[in-house]
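Below: one structure, written as structure tokens.
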Amino acid sequence: MNLDAIFHPDSVAIIGASRTPGKIGYILTNNMLNSGFKGNIYPVNPGADEILGLKCYPSVLDIPNDVDLSVITIPSASVLQAAEECGKKGVKALVVISAGFKETGHEGSVLEQQLVEIGKRYGMRIQGPNCLGLVNTLTPLNLSFAVDMPRRGKIGFISQSGALGTAVLDWVIKENIGFHSFISLGNKADLDEIDFLEAMSEDDEVTVILLYLESIEEGRRFLEASTRIVKKKPIVILKGGTSSAGARAAGSHTGALVGSFLAYQTAFNKAGVILANSIEELFDYGLVFTEQPLPKGEGIALITNAGGPGILATDLSEKLGVKISSISSEVQGILRKNLPPASATGNPIDVLGDAKADRYAFALKEVVKDDGVNAIIVLLTPQAMTESLETAKNIVEMKSALNQKPILAVFMGGKTVEEATSYLMNNGVPCFDFPEKAIQAISAMYRYTRFLKLPVFSLKRFDDVNSTRVKTVINAARMDNRVVLLSTEAADLVEAYGIPVPQNKLAVNTDEAVEYAEKLGYPVVLRIVSPDILHKTDVGGVALNLNSSNDVRTAFDQMMTSVNKFVPHARIYGVMVYHMIPRGREMIIGMSKDLQFGPLLMFGLGGIYVNFLKDVSFRLAPLTDNEAGEMMEDTKAYTLLKGIRGEDPSDVSALKDMILRVSQLVIDFPEIVEMDINPVVVYKAEEGAYALDVKITLSK
Amino acid sequence: MVYTLYITGTKFSGKTALCLGLYNVFNEMGMRVGYFKPIGQGHKMVEGKYIDPDVTMMKEVIGLMEPIEELCPVVIGSRYLDIVSKDYDSLKARIMECYEKVKKNKDILIIEAAHTPELLYCSNLDMATLSKEFGAKVILSVKGDDDTSADKAMLYTNYLVQRGVDVLGIIINFVPFQQLERMRGVVSEVLCKCKVNVYGVVPDHRELTLPTVQDVVNALDAEVLAGKGSLDRIVDNYLVGAMSPEAAMSWLRRSVDRAFITGGDRADLILMALETKPSAIILTGNIYPSVQVISAAESKGIPLLLVADDTFTAVTKLEPLEGRVVSFPMSTRKIQLSRKIMSEYIDWKNILEGYVDFKTRNK
């Protein structure tokens, strides 16, 4: 997406510019003047002739030259007129800082809608309203409230919270972290996170995109865009509202549904987006991605002057799946020969507390040569002999000799390492104050590189499916004004997609039930058919192992009496009669359509234990063959399915086939909003799996 | 000479709905139809008097010209025996006076009985006594729950016949889905053998007796924060939301026409519910949601009701709403449904034949 008018405008009009210090219109004009912006700045204010030495215009229409970008800071009631004038003037984009829109209630919502319509009419893209503007160090321009600009860098930062963004800007200046741009999304009336992601992905000056988001309204579009962009550059997201109380607060704040964190996590994993757990992590990750190359292979080396930090770093590495290299015997030999005898030459490499800068440099020089080492973390604690600044200088000097292996530093302590830390940070070596942060950052780098290395799996489509049969079932339910399918209908529907179900019939009275039982062969099962009964067993709606016509008659009458007693208002359509199949392992395949990200599939241990053991895993449809496999492997039950202690393995491929068919079904029929196959009965390898009870809910 | 049809029946057996349906059918035929309810029952006092909500509804929906005191001259509360026996003469006189007024210039007068046929038997103002005074023909409505409906129908019919009442026949009403076949087959046959006319077997159209959002607003004295344009939606049951949004989703999706009850601070649940088209969202405990949440409801046109009661109290107050055709404004869906029931399930032409017989007899 081309958002050049926002990122690199040639001329900017400030509508609502002011001569009064302290007013937003003044701050913006002043910030623009101080930003080093090379184009024209046009203050617009009918009450002034000149602002901060710039000629002021009564309206944007009075500006003699072209205007690329207008920033609007006047009260919301006047914004529409100003936007209309901008449209007439041929302005390409608007940044609306003014508040008083959707966030204030229904009238504001209507106003915001009108603003979007004006934008559409004139082909103007709109950032905001109710946003805190933007900063771009490349152009450069500063249309934010932050007085100073961060140093030029390669981090693009998009924030749904404007105030958080402004605070972060202030902080990165102090920390001397380089920024490419900062975008405050505001109400996302027109341009949203996806538009800015797209724009930043096409900008070669951005190497990593950081986002702070509370809600994503168009999950599928986000998933599609981020999957594409992640292949070019990493995306790191800090998601607000991940807890239930947080989601409540975020929903109340934005009026947008925050959605389930589970769906976000699953979506981010699918797209290869990296999730940060705190603001600090977000910027730590941003820093390592911009300052350091990606590791080429697994295996890191830790060089430390103290045992404790080395051990802590090792512990966390293992927990986060970061491999600690075993140092080759050649390198270990050289280290042993040249370092004091008490040093540890394995990994972590302990150069001991009395190590000066030269010992660190030596160890680093030798460790780099090891092909099994693909990233290095240098840990330093200030001890009596430690030369922190010298060590820092040595690390920076070694950078070119590292052969594109990433290096991170951990200089623990406070005052004594302050200078060394700044030196490292200013020279492109991310330096952390505690080992955990460095390990987390390197683990994020590994997560990203592993994702990039994943082969591309293509989606497999089954051709032996009968869409017409599915449509017929859905139409029948719609005609009956139902959103919940009857169990017989649901079984029919999944069977049309090649999912095996036991042969069944719907009986409306005792005689029919007996007739079908005789036809299907004993033993049979009777199950109540009603869209109003969710848990059939609980209300006496299931009768198993019926061996004669007498059994069937008694069971039918008992079932009617019992169901009537427990759920008197339930609409009873009859009873499903099916041949009882032998027992096997009981699994569950489910789907709930997430409002943002679409069909979220679930697989796990089924039957009555599903709610208690919660041994389930999730993926977003559509699934590749590989994802379906991973989904099964994620569960503990998979160990059981493979067969333990001499048990026969289960038919895992039949299960995978069923998962993939469900995935295709819910993609082909978006009106299916909830689905549960519980239990899926799976038999020994090659003997197949059956969908025993299928529940399906349609959209309204 | 006016043809008077007296509709009586067991408690909550759909008498008001029947009166409304019959009124419309006859009216559309070009007849001059009237409505009268000699004894009403009220629970709520309005300006020191009991008001029968069924009568108010009929007056509003049909647009009856007569004043409410004329359409329903006597309204009793739950402690009625002493009052009725003390004022018997004047009450009786008032009923007869109003009856004379209401039936003037009418071809057919539909009279709705009080709750049960036996009501006021002790005081000699029961429907059997009155129907003889009016010279009315009686239709008995019986709730078709199960086989016992046949016995109940028989008991009341015989009782009325023995009291000398002219019983036309019965209507089996509110038949649950799973009992329909049985009522049409076995039960109707048995009654036929006992010489009881069955004019219709009407399936349970719960919609007809379900409250609208406006009824809920009235019952809970709720403040409507959003969705004022959708207060005529029907409310079929309630769903109380205190669970996680993920758990609520599945319930919300399965339910059609439900009202969702939760706290105003549960923005997560409210926003999720808005996606599943509930009839209304009821916020209990007087907790205002944020303006953003109100705005989201407004843009979706879903009523957002704020009530002072806690959830339990609110649900308790909502329970008695069901079972009456009380609705202001009467939803168009309900009116259409009432017509559908008349045309599909009730043999009203045969009911009218009684009228033709009656006319010839009186010539």
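The values are calculated or read from the model by the stated rules, or taken from the named source; none is laboratory data. No experiment lies behind these values; they were computed from the predicted model shown. Cβ sites come from the backbone with ideal geometry, for glycine too, and all protein chains shown count toward neighbours.
I want to confirm something. Restricting to segment B:84-111 and keeping residues that are assigned to a loop (DSSP other than H, G, I, E, B) and of a type in the set (Lys, Arg), which single residue is farthest from B:ILE351 (Cα to Cα)? Ranking the candidates gives B:LYS104 first.
Within segment A:98-117, being surrounded by 21 or more Cβ atoms within 10 Å (Cβ to Cβ) and either within 14 Å of chain B (Cβ to nearest Cβ) or not polar (S, T, N, Q) (or both) holds for A:PHE101, A:LYS102, A:GLY108, A:SER109, A:GLU112, A:LEU115. Among all positions in segment B:225-233, there is at least one residue which is on the phi > 0 side of the Ramachandran plot and either within 13 Å of another protein chain (Cβ to nearest Cβ) or not in a helix (DSSP H, G or I) (or both). Considering segment B:309-353, and only residues there that are outside any helix (DSSP H, G or I) and exposed (fewer than 14 other Cβ atoms within 10 Å of the Cβ), the residue that is modelled with the lowest pLDDT turns out to be B:PRO329. Hey, does segment A:233-251 have a residue that's among the charged types (D, E, K, R) and either within 14 Å of chain B (Cβ to nearest Cβ) or surrounded by 21 or more Cβ atoms within 10 Å (Cβ to Cβ) (or both)? Yes, some residue in segment A:233-251 is among the charged types (D, E, K, R) and either within 14 Å of chain B (Cβ to nearest Cβ) or surrounded by 21 or more Cβ atoms within 10 Å (Cβ to Cβ) (or both). Close contacts from segment A:443-460, counting a first residue that is under 17 Å from A:PHE289 (Cα atoms) and a second that is surrounded by fewer than 16 Cβ atoms within 10 Å (Cβ to Cβ), with Cβ to Cβ under 6 Å and a gap of 6+ residues or different chains, come to A:SER443/A:LEU320.
Number of residues in segment B:21-49 that are part of a strand (DSSP E or B) and under 17 Å from B:LYS104 (Cβ atoms) equals 4. When the residues of segment B:50-83 are filtered to those that are acidic (Asp, Glu) and part of a loop (DSSP other than H, G, I, E, B), the one that is modelled with the highest pLDDT is B:GLU66.
When the residues of segment A:518-547 are filtered to those that are in contact with a Leu (Cβ under 7 Å, 6 or more places away or on another chain), more than 14 Å from chain B (Cβ to nearest Cβ) and surrounded by 19 or more Cβ atoms within 10 Å (Cβ to Cβ), which remaining residue is nearest to B:ARG182 (Cα to Cα)? Step by step, filter segment A:518-547, then rank; the result is A:LEU526.
Set side by side, the residues A:VAL508, A:VAL563, A:VAL483, A:VAL514 differ, and just one is in contact with a Gly (Cβ under 6 Å, 6 or more places away or on another chain), more than 30 Å from A:SER650 (Cβ to Cβ) and buried (at least 20 other Cβ atoms within 10 Å of the Cβ), which is A:VAL563.
Among the residues making up segment A:433-465, a single one is polar (S, T, N, Q), farther than 14 Å from A:ILE376 by Cα and in the same structural domain as A:LEU408 (by TED's automatic domain parsing): A:THR449.
Which of the following residues is assigned to a loop (DSSP other than H, G, I, E, B), more than 14 Å from chain B (Cβ to nearest Cβ), of a type outside the set (Asp, Glu) and more than 20 Å from A:ILE672 (Cα to Cα): A:PRO582, A:PRO622?
On inspection, the qualifying residue turns out to be A:PRO582.
Taking A:ASP693 as the residue in question, decide whether it is more than 14 Å from chain B (Cβ to nearest Cβ), over 29 Å from the mean Cα position of the chain (by Cα) and under 29 Å from B:THR276 (Cα atoms). Criteria met by A:ASP693. Consider segment B:243-279 and keep the residues that are facing another protein chain (nearest Cβ under 8 Å) and among the acidic types (Asp, Glu). The one that is nearest to B:THR316 (Cα to Cα) is B:ASP265. Could you tell me whether A:ARG151 is under 28 Å from the mean Cα position of the chain (by Cα) and either surrounded by 20 or more Cβ atoms within 10 Å (Cβ to Cβ) or more than 14 Å from chain B (Cβ to nearest Cβ) (or both)? It is false that A:ARG151 is under 28 Å from the mean Cα position of the chain (by Cα) and either surrounded by 20 or more Cβ atoms within 10 Å (Cβ to Cβ) or more than 14 Å from chain B (Cβ to nearest Cβ) (or both).
Of the numbered criteria (1) surrounded by fewer than 18 Cβ atoms within 10 Å (Cβ to Cβ); (2) within 14 Å of another protein chain (Cβ to nearest Cβ), the one B:LYS193 fails is (2). Cβ separations smaller than 6 Å between residues 6+ apart or across chains give the following pairs from segment A:501-515 residues that are away from chain B (no Cβ under 14 Å) to residues that are assigned to a loop (DSSP other than H, G, I, E, B) and hydrophobic (A, V, I, L, M, F, W, C): A:PRO502/A:ILE581.
Against the test of being under 24 Å from A:ALA444 (Cβ atoms), out of contact with any helix residue (DSSP H, G or I) (no Cβ under 9 Å at 6 or more places or on another chain), in the same structural domain as A:LYS369 (by TED's automatic domain parsing) and not polar (S, T, N, Q), the options A:LYS415, A:LYS405, A:LYS399 yield a single qualifying residue, A:LYS399.
Going through (1) within 8 Å of chain A (Cβ to nearest Cβ); (2) touching a helix residue (DSSP H, G or I) at 6+ places or on another chain (Cβ under 8 Å); (3) within 26 Å of A:PRO599 (Cα to Cα) one by one, B:GLN292 falls short only on (3). In segment B:162-185 there is no residue matching the filter, namely being within 14 Å of chain A (Cβ to nearest Cβ) and closer than 30 Å to B:LEU305 by Cα.
Look at segment A:341-354: where a residue is outside any loop (DSSP other than H, G, I, E, B) and a partner is charged (D, E, K, R) and surrounded by 13 or more Cβ atoms within 10 Å (Cβ to Cβ), sitting 6+ places away or on another chain with Cβ atoms under 8 Å, you get A:ALA344/A:ASP350.
Yes/no matrix, rows are residues, columns are (1) assigned by TED's automatic domain parsing to the domain that holds A:TYR448; (2) within 22 Å of A:TYR285 (Cβ to Cβ); (3) surrounded by fewer than 24 Cβ atoms within 10 Å (Cβ to Cβ); (4) charged (D, E, K, R):
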site	(1), (2), (3), (4)
A:GLY346	yes, no, yes, no
A:PHE362	yes, no, yes, no
A:LYS365	yes, no, yes, yes
A:LYS369	yes, no, yes, yes
A:ILE377	yes, yes, no, no
A:THR381	yes, no, yes, no
A:GLU387	yes, no, yes, yes
A:GLU390	yes, no, yes, yes
A:ASN394	yes, no, yes, no
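Of all residues in segment A:218-251, those satisfying the criterion of being within 23 Å of A:GLN440 (Cα to Cα) and in a loop (DSSP other than H, G, I, E, B) are A:LYS231, A:LYS232, A:LYS233, A:PRO234, A:GLY240, A:GLY241, A:THR242, A:SER243.
Look through B:ASP204, B:ASP215, B:ASP236 and report the one residue that is away from chain A (no Cβ under 11 Å) and within 19 Å of the chain's Cα centre (by Cα).
Going through B:ASP204, B:ASP215, B:ASP236 in turn, just one is away from chain A (no Cβ under 11 Å) and within 19 Å of the chain's Cα centre (by Cα): B:ASP215.
Scanning segment A:252-267 for residues that are in a helix (DSSP H, G or I), among the polar types (S, T, N, Q) and within 8 Å of chain B (Cβ to nearest Cβ) returns A:SER252, A:THR254. For B:LYS132, state whether it is in the same structural domain as B:CYS19 (by TED's automatic domain parsing), outside any loop (DSSP other than H, G, I, E, B) and free of Cβ contacts under 8 Å to residues at least 40 places away in the same chain. The answer is yes for B:LYS132. Which of the residues belonging to segment A:434-482 are modelled with pLDDT of 95 or more, aliphatic (A, V, I, L, M) and part of a loop (DSSP other than H, G, I, E, B)? Once the filter is applied, which keeps residues that are modelled with pLDDT of 95 or more, aliphatic (A, V, I, L, M) and part of a loop (DSSP other than H, G, I, E, B), segment A:434-482 yields only A:VAL465.
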